[in-house]
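The values are calculated or read from the model by the stated rules, or taken from the named source; none is laboratory data. Please read all numbers here as calculations on a predicted model, not as lab measurements. No Cβ is skipped: glycine too gets one built from the backbone with ideal geometry, and neighbour counts run over all protein chains shown.
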Amino acid sequence: MTRTVRIALIGLGHVGRAFLELMTVKRRVLRRRYGLELVLVGVADSTGVAFGDGRIDHANVLRRKRRGLGAGEYPRLGHRGVPAVEMVRQVNADVVLDASPVDLRTGQPGLDCDRAALESGIPVVLANKAPVVLAYRELMDLAQAHQTALRFSATVCGALPVVNMGQRDWTACEIQRVEGVLNSTTNYILSAMEQGRSFPKALAEAQSEGVAEADPSLDIKGWDTASKLVIIANAVLGIPATLEDVDVLGIQHITPDDLAAARARGQTIKLVAVAHRADDEYRLSVHPAALPLDHPLASVMGWEMGIVWHTDIMGVQFAKVDERGPMPTAAAMLRDVVSLYEGVA
Ligand SMILES: NC(=O)c1ccc[n+]([C@@H]2O[C@H](COP(=O)([O-])OP(=O)(O)OC[C@H]3O[C@@H](n4cnc5c(N)ncnc54)[C@H](OP(=O)(O)O)[C@@H]3O)[C@@H](O)[C@H]2O)c1
């Protein structure tokens, strides 16, 4: 038996478009392995929304988007200038996907869309970190009150299952310390500068891959890393941390000379997020750190991201991922969608 899952997608940028690609390339696997058929019923981007009574041809949305035609211009179903939240309120969807831009001040436009979906009992899957960073407790409470779910494994290191590992696998553990290289854009820039490229050239290369935030200062000044640390703190460590609780310094002042000097000392500089437990409290920080070359995070190069968990009874565990482009993040959203139906189809 195949279960149809109606998808409403907010954001048709790098991640949203990669998700639409997955709907085609993974269609057979989803049907065969999980008994699921994903159909698109609504989309939103900066031009407006498109939705109607039934399905929208996701491949056509993708083709049109590549030609510069947005959701609001979609034939018959498009509504130019209508905000995404209206689509969420009216569309007949089983899951809302939030791949809209990150706004760490307001959480919008995603936050209101996510609230509206949860209030209607519709599960939400996010790649957009901002709603989770700004309103984790509120959204979790809404999901619980309306007997639905919030999934956000894509918000921390894309496809690396940081949240899943942290929530599922550290049974009965105390986490004494978490250290992570959680932002591939800054890691790529540091690795490229270590190889002699200038900061602007390295940043331009990162942007051309579609991984850097639309506003790259979020990456460079450490706020993207801090956001991921706040999500780990709330979702895994169980502390109601906000961005204000994180001591943040980015890589904007690191020069190729600093990196060369570190190398000469047998070290490498990484932008490291740390949650360190002392006296039953976690101290949260994001700083460029000179790591000895035998530190696990020193091996996290270029597009890689990695995390080290120091536990009391499960040892020290290190995981890393090499991911390029937005596809792994879209794949993590797909993982979350499938997880909603595990054992149901
Ligand atoms: N790229 C990655 O590898 C990656 C990895 C992890 C997490 N994320 C997160 O995933 C989200 C999407 O990233 P992205 O790289 O796909 O961003 P992006 O390429 O900048 O795309 C953003 C999309 O949101 C649409 N949009 C803008 N304003 C909107 C509004 N008011 N209402 C509805 N849609 C609106 C844009 O519309 P137009 O197309 O009309 O401009 C665009 O389609 C972000 O929150 C990002 O932090 C991205």
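Which residue is modelled with the highest pLDDT, if the candidates are limited to region 274-312 and must be within 19 Å of Leu229 (Cα to Cα) and part of a loop (DSSP other than H, G, I, E, B)?
Taking the candidates together, the pick is Val300.
Check Gly180 against each of (1) under 25 Å from Tyr341 (Cα atoms); (2) buried (at least 24 other Cβ atoms within 10 Å of the Cβ) and name the one condition it does not meet.
Gly180 satisfies every listed condition except (1).
Looking for whichever is part of a helix (DSSP H, G or I), of a type in the set (Gly, Ala, Ser) and either within 16 Å of the ligand (Cβ to nearest atom) or at pLDDT 95 or above (or both) here; the options are Ala135, Ala159, Ala172. Which one fits?
Values: Ala159 fails: part of a helix (DSSP H, G or I); Ala172 fails: part of a helix (DSSP H, G or I).
Criteria check complete, one pass: Ala135.
Return yes when Arg76 is modelled with pLDDT of 95 or more, in a helix (DSSP H, G or I) and not β-branched (Val, Ile, Thr) and no when it is not.
For Arg76, the condition - modelled with pLDDT of 95 or more, in a helix (DSSP H, G or I) and not β-branched (Val, Ile, Thr) - is not met.
What's the number of the only condition in (1) free of Cβ contacts under 8 Å to residues at least 60 places away in the same chain; (2) surrounded by fewer than 23 Cβ atoms within 10 Å (Cβ to Cβ) that Asp219 fails to meet?
Here Asp219 meets the rest and fails (2).
Which one of Val300, Val248 is under 19 Å from the mean Cα position of the chain (by Cα), on the phi < 0 side of the Ramachandran plot and assigned by TED's automatic domain parsing to the domain that holds Gly196?
Only one candidate passes the filter, namely Val300.
Output the residues belonging to region 1-43 that are touching a residue at least 60 places away in the same chain (Cβ under 8 Å), within 16 Å of the ligand (Cβ to nearest atom) and either surrounded by fewer than 17 Cβ atoms within 10 Å (Cβ to Cβ) or farther than 23 Å from Asp215 by Cα (or both).
Across region 1-43, the qualifying residues are Ile7, Ala8, Glu21, Leu22.
List pairs: first residue in region 158-177 and more than 24 Å from Glu281 (Cβ to Cβ), second residue of a type in the set (Phe, Trp, Tyr) anywhere in the structure, Cβ distance under 6 angstrom, at least six positions apart or on different chains.
Correct list of pairs: empty, since none qualify.
Go through region 132-172 and give me each residue that's over 17 Å from Val308 (Cα atoms), surrounded by fewer than 17 Cβ atoms within 10 Å (Cβ to Cβ) and among the charged types (D, E, K, R).
Arg137, Glu138, Asp141, listed by residue number.
Any chance you could count how many residues in region 316-336 are more than 13 Å from the ligand (Cβ to nearest atom), among the polar types (S, T, N, Q) and either in contact with a Gly (Cβ under 8 Å, 6 or more places away or on another chain) or closer than 13 Å to Leu182 by Cα (or both)?
Counting residues in region 316-336 that are more than 13 Å from the ligand (Cβ to nearest atom), among the polar types (S, T, N, Q) and either in contact with a Gly (Cβ under 8 Å, 6 or more places away or on another chain) or closer than 13 Å to Leu182 by Cα (or both) gives 0.
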